[in-house]
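Structure record follows, encoded as structure tokens.
Just so it is clear, none of the values below were taken in a lab; they were calculated from the coordinates. Nothing here was measured: the structure is a model prediction, and the numbers come from that model. As a convention, Cβ positions derive from the backbone with ideal geometry for all residues, glycine included, and neighbour counts pool all protein chains shown.
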Amino acid sequence: MNRRNIALIGFMGTGKSTVGAALAGKLGLRHIDTDHAVQERAGLSIPQIFETRGERHFRELEKQIIRELLAQDGLVISTGGGSVLDRDNCALMKENAFVVRLAASKETIVRRISRDNGRPLVAGQAEQRVAELLEQRKHAYDFADFTVHTDGGMLEHTVRAILAALPWQPQAERNN
Ligand code: S3P
């Protein structure tokens, strides 16, 4: 691993954005969510990008952003759940970050993502689509260095588990 970044990977609804923000706060590091970065760059929401430009364009932007972020150091990066479908993204993460997989059961995922409509790949028929995508991607997250299950929903617990697994000594660990 060349750099001290942390990349959070995992299926939609496993808590990557929430955990990333909390972890970065604890470590005094910058947190970047690739979904937010893509939306900012495109000037459009994710559903709008999928609708007007297609998933392929979304994946290109996502890849570009992952490449730029992983050229930096000291970032906590929350990735989109499908970013791992690209081999180059996985290789870059592996080389330049400690890769943490967040995992949750299908039931937990469906419950969490049914609350919002910002995810075009599961729009409308969440349960069936989640089941299909989980099956398609069942090994896509296996390359992680470390896995945490977030079903219990205890943010503090998840953050502590990741901190304990870090392969380097964090410079700052804040009490907030
Ligand atoms: C996607 C996951 C989403 C977002 C886009 C596609 C996927 O991110 O990037 O809707 O293919 O799994 P989250 O994992 O943050 O929901």
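Rounded to the nearest 20 debye, the dipole size of the chain about its Cα centre is 140 debye, using +1 on the Cβ of Lys and Arg and -1 on the Cβ of Asp and Glu.
Shown for Ser114, Ser17: other C-beta atoms within 10 Å of each C-beta, ranked fewest to most, produce the order Ser114, Ser17. Treating r as the C-beta distance of Glu132 and Trp168 and R0 as 25 Å, the FRET efficiency rounds to 0.05.
Where Rh is the Kirkwood radius over the Cα pairs of segment 40-111, the temperature 37 °C and the viscosity 0.692 mPa s, what D in µm²/s does Stokes-Einstein return?
For these conditions, the coefficient is 240 µm²/s.
Shape analysis of the chain based on the Cα gyration tensor places the equivalent ellipsoid semi-axes at 25, 19, 15 Å, largest first.
Hey, what did the chain get for relative contact order, percent, Cα under 8 Å, at least 6 apart? Walk me through the numbers before you get to the answer.
Numbers: 265 pairs, mean separation 62.5, N = 176.
Value for the chain: 36 percent.
Against the main long axis of the alpha-carbon atoms of the chain, helix 155-165 sits at an angle near 60°.
Per-residue ellipticity at 222 nm computed for the chain from its helices equals -14000 deg cm²/dmol, with DSSP H segments shorter than 4 residues left out and the rest contributing -39,500 (n - 2.57). Restriction of the trypsin sites (Lys or Arg not before Pro) in segment 78-128 to DSSP coil positions whose beta-carbon has at most 16 other beta-carbons within 10 angstrom yields Arg115. FRET efficiency for the Arg115 to Glu68 pair, using the beta carbon distance and R₀ = 22 Å, is estimated at 0.10. If the chain linking Lys94 and Ala21 were pulled fully straight, counting 0.36 nm for each residue of separation and taking away their Cα-Cα distance, it would gain 24.2 nm. Between Arg3 and Gln48, the FRET efficiency estimated from the beta carbon spacing at R0 = 30 angstrom works out to 0.35.
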